[in-house]
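The values are calculated or read from the model by the stated rules, or taken from the named source; none is laboratory data. Note that the coordinates shown come from a computational prediction; the quantities given were computed from them, not determined experimentally. When we count neighbours, we look across all protein chains shown, and the Cβ atoms used for this are built from the backbone with ideal geometry, even at glycine.
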């Protein structure tokens, strides 16, 4: 399961990211509303954690815009606003739940799992040709054969398959998989792609991970 945190206080976002990753969630972070909305609209997330007061656009406005395309994805507000009117306003804007700062991580984790309960009752499975990916168990199969991948290789494969049939630009891959949001030598992606292709043991004519020259990569069923 992948969660997007949109929070402008680094101490809070880093704490949440570390805690959620220890609980086996994949986590992306944005520190302003504009970037958060852009990431959210990619459709790659199972749940959003949003601060109310954000630089750029507010969590309320982000929620309203996001809800136009994604009416079902759970949203939980993290905010110091706690009056009844503010709570009602936040929920009416499209949030599913609301937790006041400061909060206990254990309580937030329970609230997240409640919102995701419907998705986690049946195990998620992603596929790419003969490759099956089970994110909850960090398991990859080629047919019946288990493929051993590192954490980054798995995250890269999962990202490409979740965006199957779309061109994944190098900068977006670096931001989403490596969580680096600045100019970076994206040549490291090529190394990981080559490793993935070898480990997945695909035949030479099975180009399920295609190179888009000068742009990035695309996962595609043949």
Among the residues of the stretch 32-60, write down those that are outside any helix (DSSP H, G or I) and either under 12 Å from the mean Cα position of the chain (by Cα) or closer than 23 Å to residue 162 by Cβ (or both).
41, 42, 43, 44, 45, 46, 47, 48, 49, 50
Please verify whether residue 68 is in a helix (DSSP H, G or I) and assigned by TED's automatic domain parsing to the domain that holds residue 11, treating the condition exactly as stated.
yes
Of the conditions (1) under 30 Å from residue 126 (Cβ atoms); (2) in contact with a strand residue (DSSP E or B) (Cβ under 8 Å, 6 or more places away or on another chain); (3) touching a residue at least 40 places away in the same chain (Cβ under 8 Å), residue 12 fails just one. Which one is it?
(1)
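A quick yes/no check of all residues on (1) free of Cβ contacts under 8 Å to residues at least 12 places away in the same chain; (2) at negative phi; (3) in contact with a strand residue (DSSP E or B) (Cβ under 7 Å, 6 or more places away or on another chain); (4) surrounded by fewer than 19 Cβ atoms within 10 Å (Cβ to Cβ):
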site: 117; (1), (2), (3), (4): yes, yes, no, yes
site: 131; (1), (2), (3), (4): no, yes, yes, no
site: 138; (1), (2), (3), (4): no, no, no, yes
site: 144; (1), (2), (3), (4): yes, yes, no, yes
site: 153; (1), (2), (3), (4): no, yes, no, no
site: 157; (1), (2), (3), (4): no, yes, yes, no
site: 160; (1), (2), (3), (4): no, yes, yes, no
site: 172; (1), (2), (3), (4): no, yes, no, yes
